[in-house]
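A short worksheet on the structure shown next.
The values are calculated or read from the model by the stated rules, or taken from the named source; none is laboratory data. If you're wondering where the values come from, they're calculated on a predicted model, not measured in any experiment. Backbone-built Cβ (ideal geometry, glycine too); neighbour counts: all protein chains shown. Ligands, DNA and RNA are excluded from the accessible area calculation, which covers all protein heavy atoms including side chains. Shrake-Rupley method; radii C 1.70, N 1.55, O 1.52, S 1.80 Å.
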Amino acid sequence: MAGSSVSADATTVKPALIATYTALVLACFTPRASAAVPPTFSFPMAKAPHPLALDPSLADPAWQAGKVPSVGGWENVTTRNPAPATTVYVLYDPHYLYVGFVVPQPGPLTATQTTNDVGFGTDDYVGVGIDPSGAGSQGYFFETTPRGVRYQQSLENVRFRPEWQTATAAEPGGWRAVMRIPLDDMRLHNGSQTWRITFVRGVAARGEHLSWSYDPLMGDQGGGNWPSFNDLRFWPSATSIAIAGSAAKPKPRLELFALGSAGEDRDVYQQANGQFIQEKTRPLGLDFTYPLASTINLVGTLNPDFSNVETDQQTIAPQEFARQLTEYRPFFAQGAQYINPNPSGYSNFNAPQNIVFYSPSVGPFDRGAKIEGSRGLQSFGVLSFRGYDEMTNDTFDDQAFGYKHALQDQTFQYWADGVIANHSESPALTGPVHDQTFEYGAKTRNLHTGLVLSFNQDIETGNWNPLGSAHSTNGFADVHQHNWEINAGYADISPLYGPIDGYTSNSDIRGPQGFLAFNGATRTLKNWSVFMYGDRFVDRSGAVHESDAGAFLQMSFKNGFSINGMGPTVSTLRGYDGNFYSGYLNGYQHGVNVPFNLFGLPIGYRDGTPTPIDVSANWGNFDGAWTHLYTASTSRPLGSRFTLGLEYDGTYQRDNVTGALNSQFLRRVGLGYNISPRSNLSIGLRGINGTGGFANPGVNLSAAYHVQLRSGDLYVNYGSPSSIATLNRLIVKYVFRAGADAGT
């Protein structure tokens, strides 16, 4: 790591840790035949002879025609061992998909949640995954718990929340569930078709995940992050499905919102860059979706809301690169993946992937229109939006597009996307601003050897970039096997590359990067993994602009304890007169290397269950200060209605030059109350002192109430539950919905 200054803290990898890494990496890997269904399996889906009752006893003899074949059993994805088979039935008729489960579970059932869409992953559940596109461009999950609480996810929209039905019943040695899912809640084409399909289970008391289908390359994730659409290419096929045109025709949707705010900070809102400014509250607005075809939608918005009452984000921990936030505004959320089709953008392992169009960077805007959808092996989207930035007096009129062609098994795909941004003015320029960025790339995968090849190219032009043009190029070769993966890549990002509507962690870097990963399971470990990475990027002066290296050990023990990524991170950024993005314009004068080194020790207990406890400590020479980070959190149900959450975060920094102490500490108590299957209330009390993090000191009491109504949603929020500032503000928002269900 020439050109970097590695402090002593970053080299404190003890001999025992090295021995552990070595023992696990050199462990004997013995491939075995899985008992679960392989991706190549297919079966004909039966048609129901009549509408099926929502009866978890599955007493209707018609269910027997829909019994799903199983090859020997299921797979425990968490432990990578065979699991007892769950009996599944699936049928369809002109209007509904019916799914039934008979779930063997000798131990006690976990069913703590009572409100739909709240607390996914903390209870036992069964679910079905469906990809009707045949190309991996669409995907849906529907899950239910033993109490009949519903959850769902969509690959096309994070706001997906259709009205579907489930019924459940406990029985000796397990439980049963039946689902009735309207076909018009999914994007289906008419006629004969084949779907990719899978069935999943979560066992909360053990924090384990089970799957009807399995491939050794499938991964497990904790908490509510599994199942994953990343495994969609491993799903088997259901054939002989004939959908009538009326069932495949989606409904249009109209959403009107009315919003009012009161309090001292009633017109203060957080911007994409984290700042809080005065922004006139929008009392009325609308969003709509109109189907142009069964899988293609026209999406529009007028005077859209920017209050973020549905979601907030917050952190006080220092970081090397800016965070990337999740987009939740209806206009941008609908079909977002079609606008950003690149699956292999550049990342330095310490920051999110660079993307050409990053919608959270777009603040309040006035109106927009979009066409998005898929057809066969193609997915596509194009949008235009216009607005006015009160902070800079900037009127903007921007367009973005995306296109991808992909085979369902992901053996070949290619994509193209871009942004054309036109702004009236900018703090850095006089006069109109123009910025155009275009991206294209391709990726191939050999299913037999595991070899993956990827290439991606971005080109930026316009007067937003001081150089007039810039580029970002990256590619890699990767070999991915069931218990190991090796990756070698190269990235070249020119000075000052940074699309105005995009996300770019760093520029003026070129050099190699790569990683090595191992995973497996033993008699005493549910699972373990080792991940090691490194990169070394120089700038146009020849100096090392950025270098990163790290090694992480993850182990989940059968007694409930886990190590969730222990190891060192050694990073260096070179800045020129305080500019870490590039020193190109000042001739690379006064270069200084700044270390961002941390050693992390995160410990968990009963993660993935309703009562997790997590603690972690990180320490190192970080950004010119000796830094300690401490976190501790837990949550647990209190009866069948209440959930208690406790959190403590601390940042303790001492400047390496002046010795000045700068620290910040957060303490949070949260109480959730599940009022009914459609309504919940949460109350949070947060205290922050010190100035060593990103949050503003103070004590904040916040409350949020949400109720799902047949005609829409009502939100009542006081304060700002998770923002970096304390706001004295009450917001009441009602969303009236007509036509199709939310997010469909």
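A few remarks follow.
- Given K67/K558; K67/K404; K251/K404; K47/K526; K251/K733; K249/K280, the pairs whose alpha carbons are separated by over 28 Å: K67/K558; K67/K404; K47/K526; K249/K280
- Gain in span if fully extended, L447 to R523, counting 0.36 nm per residue against the direct Cα distance: 24.4 nm
- The residues of the range 412-510 expose, per residue, 40 Å² of accessible area to a 1.4 Å probe.
- When Cα extents along the principal axes in Å is calculated for this entry, the matching label among (i) 80, 61, 49; (ii) 129, 67, 55; (iii) 99, 51, 49 is (i).
- Using R0 = 51 Å, the C-beta based FRET efficiency linking L54 and L516 works out to 0.50.
- Taking the average, over residues, of other Cβ atoms within 10 Å as the packing measure, peptides 570-576, 446-452, 185-191, 334-340 rank 334-340, 570-576, 185-191, 446-452 from highest down.
- Computing FRET efficiency as 1/(1 + (r/R0)^6) for A293 and Y630, where r is the C-beta to C-beta distance and R0 is 60 Å, gives about 0.65.
- Probing with 1.4 Å while keeping every protein chain in the model, the per residue accessible area of the range 133-268 equals 33 Å².
- Stretchable slack from A660 to Y388, in nm (0.36 nm times residue separation minus alpha-carbon distance): 93.7 nm
- Across the chain, the mean sequence separation of Cα contacts (distance under 8 Å, 6 or more residues apart), normalised by length, yields a relative contact order of 12 percent.
- Between D267 and A477, the simple spin-label model (points 7 angstrom out along Cα→Cβ) gives 6.1 nm.
- Peptides 153-160, 702-709, ordered by how many other C-beta atoms sit within 10 Å of their residues on average, highest first, read 153-160, 702-709.
- With each label modelled as a point 7 angstrom along the Cα→C-beta vector, the E425-D409 pair spans 5.9 nm.
- Take every Cα pair under 8 Å whose residues are at least 6 apart in sequence, average their separation, divide by the length of the range 176-239, and the relative contact order is 35 percent.
- The range 349-425 and the range 524-564 have Cα centres lying 31 Å from one another.
- Exposure check, 1.4 Å probe, all protein chains in place: M218 carries approximately 10 Å² of accessible surface.
- Those trypsin sites (Lys or Arg not before Pro) in the range 435-537 that DSSP places in a loop and that have at most 16 other beta carbons within 10 Å: R523
- The chain, accessible surface, carbon-and-sulfur percent (1.4 angstrom probe): 59 percent
- For the pair R641 and L467, the difference between a 0.36 nm per residue extended length and the Cα-Cα distance amounts to 56.7 nm.
- The residues of the range 601-672 expose on average 49 square angstrom of accessible surface per residue, using a 1.4 Å probe on protein heavy atoms.
- For A62, the shell of other residues with beta-carbons less than 12 Å away shows a net charge of -1, using +1 for Lys and Arg and -1 for Asp and Glu.
- Projected onto their three principal axes, the Cα atoms of the range 101-172 cover extents of 41, 23, 19 Å, largest first.
- When the surface is traced with a 1.4 Å probe over the full set of protein chains, F349 keeps roughly 70 Å² accessible.
- Considering only alpha-carbon pairs that sit under 8 angstrom and 6 or more positions apart, the relative contact order computed for the range 507-612 is 22 percent.
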